[in-house]
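Here's the structure, in structure tokens; my notes come after.
The values are calculated or read from the model by the stated rules, or taken from the named source; none is laboratory data. In this text the structure is predicted, and so the values were computed from the model without any measurement. Note: ideal-geometry Cβ built from the backbone for every residue, glycine included; neighbour counts use all protein chains shown. These area figures cover heavy atoms from the full protein model, side chains too; ligands, DNA and RNA do not enter into them. Shrake-Rupley method; radii C 1.70, N 1.55, O 1.52, S 1.80 Å.
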Amino acid sequence: LGWEPLAGRRALVTAGPTHEPVDPVRYLGNRSSGLQGYAIAAALVVLGARVTLVSGPVSLADPAGVNVVRVETGLEMERAVRAALPVDIAVCAAAVADWRVDGISGRKLKKRADMAPPVLTLVPNPDILAILSAPGPERPTLVVGFAAETDDVEVNAVAKRTRKGCDWIVANDVSAGTNVMGGPDNRAVLITEDGIERWPLLPKADLARRLAQRIAARFEAPVMA
Ligand code: C5P
């Protein structure tokens, strides 16, 4: 590979959780740290790409040389992703909440002894990976999704690649004891159009570098349509 094999390429990375408000002080969220997505954004910059990182709420500093757009909710993430298009490469590492609260209260919900607890109605959030993967003039050349699986990692990831319509899936085993969620290391299986690559347990920064190198190789040897 050359020194900056992704020079002139534009990349979009999503990272972190989303927070879905219940009322002005409460939200539904998840335990995504954003580490893996931030590391991927940094690794793509090192290879010469111009990178926009759309990040949910995390306690990580902006990676050097990356254009960071900070959002809270899934709907805000979708809007920021659309605004970042067109790009050549999209990597969806964010743990977007599957649902948001329908009818967010403008006032703090009050606890009252004489009233039943509130019931939250949830509605689906947009699937940003599926939106990016849909055919159209703005579809990135390469769309990469993640799959956090606890069972049958490879079978489920292959199915997810088809269902979402993305080009590659990075599948992680997040079953109990792996310490992948929030932990320093990650073990990935990369599902591409050519098959399955099983990668060793790696620090998240090394996994990010490996994925960025793999993306660069894909752009040096473009797949014929
Ligand atoms: O099956 P699941 O929807 O969890 O697939 C995970 C993949 O989809 C990840 O790449 C994640 O970033 C992406 N995703 C998304 N928007 C959603 C849900 C998942 O981009 N609303």
With respect to residue 95, is the statement that it is small (Gly, Ala, Ser), within 13 Å of the ligand (Cβ to nearest atom) and more than 28 Å from residue 25 (Cβ to Cβ) true?
no
Among the numbered criteria (1) part of a strand (DSSP E or B); (2) surrounded by 21 or more Cβ atoms within 10 Å (Cβ to Cβ); (3) of a type outside the set (Asp, Glu), which single criterion is violated by residue 166?
(1)
Determine if the range 173-190 includes at least one residue that is within 12 Å of the ligand (Cβ to nearest atom), under 18 Å from the mean Cα position of the chain (by Cα), open to solvent by less than 50 Å² (accessible area, probe 1.4 Å) and closer than 14 Å to residue 92 by Cβ.
no
Please determine whether any residue of the range 59-73 is closer than 24 Å to residue 135 by Cβ, modelled with pLDDT of 95 or more and within 16 Å of the ligand (Cβ to nearest atom).
no
So is residue 143 touching a Ser or Thr at 6+ places or on another chain (Cβ under 8 Å) and near the ligand (Cβ under 10 Å from one of its atoms) or not?
yes
